[in-house]
Amino acid sequence: QVQLVESGGGLVQAGGSLRLSCAASGRTFSSAAMAWFRQAPGKEREFVSAISWSGGATLYTDSVKGRFTISRDNARNTMYLQMNSLRPEDTAVYYCAARLGRLSGLTSEYRYWGQGTQVTVSS
């Protein structure tokens, strides 16, 4: 009962910023842990960040710590990923995901997925 739609991707120069949004539908959103994953060409999908249903707990992969910030606004059924100091290595399709459970960095534990939004960082 959760549908997710990502937006906010685009082309930026190295060092620039983007803010991704994930709009969710369904009453279960407020009880769901949510996460961002990304997938670059030729690579497997990897975990980026996750946030608990309350927003009180977050996880980040080491490569984005200090640069990316995850947040959510349950009143608007929206999750965000603020990405600063972007690097060419951040280039990927970014996917929003949700699960009815605790925080997780495992792709297999997320039941609901968006279609992805492209982020391209030029050098």
How high is the relative contact order of segment 56-105, given as a whole-number percent (alpha carbon pairs under 8 Å, six or more residues apart)?
32
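Only four residue types carry charge here, +1 at the Cβ of Lys and Arg and -1 at the Cβ of Asp and Glu. Report the dipole size of the chain about the Cα centre in Debye, rounded to the nearest 20.
Details: 13 positive and 8 negative charges, 51 e Å.
Roughly 240 debye for the chain.
Would you calculate the volume per residue, in Å³, of the smallest convex hull containing every Cα atom of the chain? Don't jump to the answer; show the numbers that get you there.
Numbers: hull volume 11.0 nm³, N = 123.
Expressed per residue, the convex hull around the Cα atoms of the chain is 89 Å³.
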Which log10 I(q)/I(0) values, to two decimals, does segment 29-101 give at q = 0.11, 0.14, 0.20 Å⁻¹ under the Debye formula with one point per Cα?
-0.26, -0.42, -0.83
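Which whole-number value in Å² is the accessible area per residue of the chain, probe 1.4 Å? Walk me through the numbers on the way to the answer.
Working: 6460 Å² over 123 residues.
Computed with neighbouring chains in place, this is 53 Å² per residue.
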Within the chain, longest stretch clear of exposed trypsin sites (Lys or Arg not before Pro) (DSSP loop, no more than 11 other Cβ within 10 Å)
1-42
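The values are calculated or read from the model by the stated rules, or taken from the named source; none is laboratory data. Since the structure is predicted, the reported quantities are computational estimates derived from the model, not experimental observations. Quick reminder, even Gly has a Cβ in these numbers, built from the backbone with ideal geometry, and neighbours come from all protein chains shown. Side chains are part of the model used for accessible areas, which takes the heavy atoms of the whole protein and leaves out ligands, DNA and RNA. Shrake-Rupley method; radii C 1.70, N 1.55, O 1.52, S 1.80 Å.
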